[in-house]
Amino acid sequence: MRKTVIGLFLLIVMFIHLLSTQVVFASEPTVMKVSEQKHLVFKGVKRYHSTIDVKNDVGQSYRQNVNLVVKSIDAELVEVVPWAMFTSTGVWTFGNVKQIAEDFERKNPGYRVIAGVNGDYFAYTPSRTINMMVTQGGDIINPVNHHKYFSVGFSSSGQQLLRMEEIEYNDYYLTVYDENGAILYGEWLVGINKSSLSDGQTAVYFDTDVNISGVTKYIVSRPERLTNLGGAFFGRGAINDITTDTIKVSNRSFGIATKDETLKTILNQKPIIRVQRYPRWDALTIDHVIGVDSQIVKEGIIPSFSEIGGQSVDNTTSRHPRTSFGITEEGDFIIATVDGRQGSGPAGVVSYGVDLRELGAIMKSYGAVQAFNIDGGGSTQMVVRTDDGLVFVNSPSEGPHLGGSRYRTVANALLFVVPDVHVETTFKNPTASSIDLNYSISSLEDVNVKSVYLLLNNRTISLDRLSGERTLEGLSNEILNPLNIEVEYEKDGITYRRVIKSKLIDLRFGAGQRDPLPPSDFKVTFDPLDSNRLKLIIQFTDQDRMLDRIVVSHQQDTKVYVAQSEAPGIHSVVIEEIKPNTEYDFTIGYFIKDSVLIHPIEGDFTYQYTIDEEPDVEDNNQQASSIHWPSVILLVILGSMILISLVVYIIKR
């Protein structure tokens with residue numbers, strides 16, 4: 001009886017536990033707006049300042065101070081850019097969001113920041129974000145994610161959000177820029193800190209002392225940006241010194257050594273260069289990447305705490321100031337802050353902070369179908385451009401408004417920026433020698449666009465329309481193809497000519513931009529080796545090196561012959577026991593790598609080995625020269641003996 005009671009008690013406890021679990025996740029946190037103010041920041045960009053009561057999973061309600069800036073998909077001029085500050089010697093340094101925004105404007109003429117929030121988690125030794133970051137111009141200043149987190153990539157317009165966890169890269173490559181920021185040249189490097197180079201090769205050198213005789217070295221002693229994170233080097237800056245002596249570079253400088261004569265001619269002008277590893281994601285679509293803690297809205301659903309994951313259970317489920325970004329079903333991009341740790345309203349603002357499901361509920365209430373949590377706590381900051389310039393519009397939990405000496409400094413910020421001229425590009429249908437470009441150009445109302453130029457592989461093409469499609473032909477799948485869109489425009493009576501968009505197009509198979517090309521242009525020739533052996537020589541083109549093997553058979557035999565490689569693009573096979581005066585119809589096919597399907601080679605491959613029935617004079621001479629004289633002599637002797645015997649027989653008769 002006692003065991004039965006205990007068993008019933010345990011069942012009741014388990015039932016209550018299951019019931020409570022269902023209650024917690026049966027519904028999402030609810031959002032009630034107490035007040036809301038709307039402000040137009042820029043055409044197509046609005047700021048919402050709201051006082052919100054959020055009721056959480058267990059029915060508790062807390063007041064929150066919420067700021068959002070929403071960039072409509074129709075705000076075609078506004079770009080979304082992550083940005084970080086570097087010192088004059090290329091060291092990653094921190095600042096508050098306003099300082100980072102002002103740094104962006106100083107280093108990117110023709111751009112104005114209209115809003116921004118803090119970005120990713122960060123670390124101090126060395127100064128960096130915790131996760132991957134790709135900033136303006138495609139600079140991969142941090143190539144890796146922390147194992148707990150992931151990153152989100154997007155185009156400059158804030159579209160094509162891509163979750164990025166395991167990051168893959170190709171080899172190091174070099175980009176060379178002119179004084180206007182146009183890409184002059186791109187080249188693959190053979191590696192880092194190489195002790196020797198062959199003709200035509202180029203390598204990068206960092207934190208080393210290497211002597212390579214007879215090689216020209218180009219040194220960047222004061223880089224604009226330099227990082228060495230996750231085992232991958234990144235460096236950008238102008239060449240300061242050219243030498244043939246021993247290359248000596250510290251961990252705050254880098255150099256290039258090359259035996260490429262074409263590259264030497266360009267580098268002798270001391271241009272700006274960049275070295276980084278080439279990404280294996282779609283770099284033609286994804287312009288920028290920022291690291292995140294977790295996803296708080298997924299396909300319009302707020303995940304459970306366990307599904308959200310993030311930094312820790314305590315951080316995910318506790319109340320803190322939070323920063324988020326997301327995108328709506330229509331394609332509007334949202335940045336948001338929720339203040340916290342200010343329940344008593346010390347600065348005139350009451351805001352308790354939110355857990356991550358509550359943050360998801362706030363983002364969802366403003367239409368987000370995908371939303372992400374980034375760094376929060378004392379880092380949570382938002383600036384917006386007003387008539388007074390860039391100002392803090394939220395109430396950070398650290399800062400002078402609360403009696404502190406300053407706002408917290410952070411590693412990066414996510415900014416809404418407006419250029420004088422915006423160029424939107426999409427690429428499609430890549431082949432081994434071409435790609436289709438779709439482009440559109442928009443500008444501020446006080447900007448007059450005068451000319452647009454497409455700079456492609458040292459060719460200048462004038463574009464007579466501000467939008468359109470164009471097939472870019474004559475590209476190479478062996479080199480990096482520089483593409484620049486340069487715009488000449490007038491603003492406030494001053495004419496500018498600036499490169500607005502730059503890309504390196506990599507059409508090699510394996511770069512992630514196109515499908516591989518199968519082997520093609522097959523040609524078969526026959527070479528008789530002797531009276532019963534025939535050699536088939538098969539020539540072909542295989543620029544993506546997809547061919548695994550070629551097989552040959554004919555109707556006179558069940559045997560399948562495998563051709564052997566003689567040289568790139570040439571295979572051969574020897575067919576034994578060829579019979580004279582017999583017609584052979586050959587079937588030839590090939591296999592590509594990692595495939596069990598045979599691909600037939602189209603064509604009529606017929607061969608007949610024939611012996612002439614009417615030998616010519618040369619053949620008669622050949623036959624005469626092949627008479628067996630000992631046999632002839634033996635026949636004469638035998639014939640003579642028979643004749644003598646016959647004569648003797650007749651005489652005796």
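The values are calculated or read from the model by the stated rules, or taken from the named source; none is laboratory data. Since this is a predicted model, take the numbers as computed values, not measurements. Cβ atoms come from the backbone with ideal geometry, glycine included; neighbour counts cover every protein chain shown. Calculation scope for accessible area: heavy atoms of the full protein, side chains included, ligands and nucleic acids excluded. Shrake-Rupley method; radii C 1.70, N 1.55, O 1.52, S 1.80 Å.
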| Projected-area average for region 270-313 over all orientations - Cα convex hull basis, square nanometres | 5.7
| note | Under 19 Å by backbone N from the virtual spin label 7 Å along Cα-to-Cβ at residue 515, the residues of region 464-493 are 477
| task | In whole Hz, with x marking every Gly and Pro, tabulate ³J(HN,Hα) for region 374-380 from phi via Karplus 6.51 cos²θ - 1.76 cosθ + 1.60, θ = phi - 60°. | result | 10, 4, x, x, x, 7, 4
| field | Extreme residue, positive dipole direction of region 215-366, given options 360, 346, 257 (C-beta unit charges) | value | 257
| note | Quick numbers on region 153-262, Rg and Dmax over C-alpha atoms in Å, give 15.7, 50
| Based on the Cβ-Cβ distance from residue 312 to residue 125, what FRET efficiency comes out when R0 is 30 Å, to the nearest 0.05? | 0.90
| query | For region 69-161, which whole percent of the accessible surface, found with a 1.4 angstrom probe, sits on carbon and sulfur atoms? | reply | 51
| request: Determine the shape class of region 374-485: with a ≥ b ≥ c the square roots of the Cα gyration tensor eigenvalues, call it rounded for a/c under 1.5, and otherwise prolate if a/b is greater than b/c, oblate otherwise. | output: prolate
| field | Volume per residue that the Cα convex hull of the chain spans, once the total is divided by residue count, Å³ | value | 322
| request: Starting from the Cα of residue 559, draw a straight line to each of the lysines and keep only those under 19 Å, dropping any in the same chain fewer than 8 residues away. | output: 535, 579
| remark: Any DSSP H helix in the chain with Cα axial reach of 27 Å or more and mean Kyte-Doolittle score of at least -0.5? Listed by number, the hits are 2-26, 629-652
| Value of [θ]222 nm, deg cm²/dmol, for the chain, DSSP H segments ≥ 4, -39500 (n - 2.57) each, nearest 500 | -4500 deg cm²/dmol
| field | region 349-417, Cα convex hull volume normalised per residue, Å³ | value | 137
| Under 13 Å, Cβ to Cβ, from residue 394 - net charge with Lys/Arg +1 and Asp/Glu -1 | +3
| query | How long is the gain from residue 266 to residue 46 if the chain were fully straight, where each residue apart is worth 0.36 nm and the alpha carbon distance is subtracted? | reply | 74.6 nm
| query | Dividing the alpha-carbon radius of gyration of region 229-277 by 2.2 N^0.38 Å (N being the number of residues), what value is obtained? | reply | 1.20
| note | Cross-link reach from residue 71 to lysines, straight Cα distance under 17 Å and at least 8 residues apart if same chain, gives 38, 43, 46, 364
| task | Using R₀ = 45 Å, calculate the FRET efficiency as 1/(1 + (r/R₀)^6) where r is the Cβ-Cβ separation of residue 30 and residue 76; round to 0.05. | result | 0.80
| For region 166-207, what size does the Cα cloud have along each of its three principal axes, sorted from largest down, in whole Å? | 34, 34, 22
| remark: Going residue by residue through region 141-152, the Karplus relation 6.51 cos²θ - 1.76 cosθ + 1.60 with θ = phi - 60° gives ³J(HN,Hα) values, rounded to whole Hz and with x marking Gly or Pro, of 7, 9, x, 10, 9, 5, 5, 7, 10, 8, 10, 10
| remark: Normalised per residue, the volume inside the convex hull of the alpha-carbon atoms of region 453-583 in Å³ amounts to 162
| query | Using +1 on the beta carbon of Lys and Arg, -1 on that of Asp and Glu, and nothing else charged, what's the dipole of region 497-603 about the Cα centre, debye to 20? | reply | 1020
| task | Just subtract the alpha-carbon distance of residue 525 and residue 469 from 0.36 nm times their residue separation and send over the number in nm, one decimal. | result | 15.8 nm
| message | At R0 = 60 Å, how high is the FRET efficiency between residue 537 and residue 442 if r is their beta carbon distance? Nearest 0.05 is fine. | response | 0.55
| request: Express in nm, to one decimal, how much length is gained between residue 402 and residue 581 on full extension, taking 0.36 nm for each residue of separation and deducting their alpha carbon distance. | output: 54.2 nm
| note | Pairs over 31 Å Cα to Cα, from 428/491; 148/248; 107/259; 194/503; 194/270, come to 428/491; 148/248; 107/259
| query | Between exposed GluC sites (Glu not before Pro) in the chain, where DSSP calls loop and at most 12 other Cβ atoms lie within 10 Å, what's the longest gap? | reply | 1-164
| query | What are the semi-axes of the equivalent ellipsoid for region 295-401, taken as the square roots of 5 times the Cα gyration tensor eigenvalues, largest first, in whole Å? | reply | 24, 18, 10
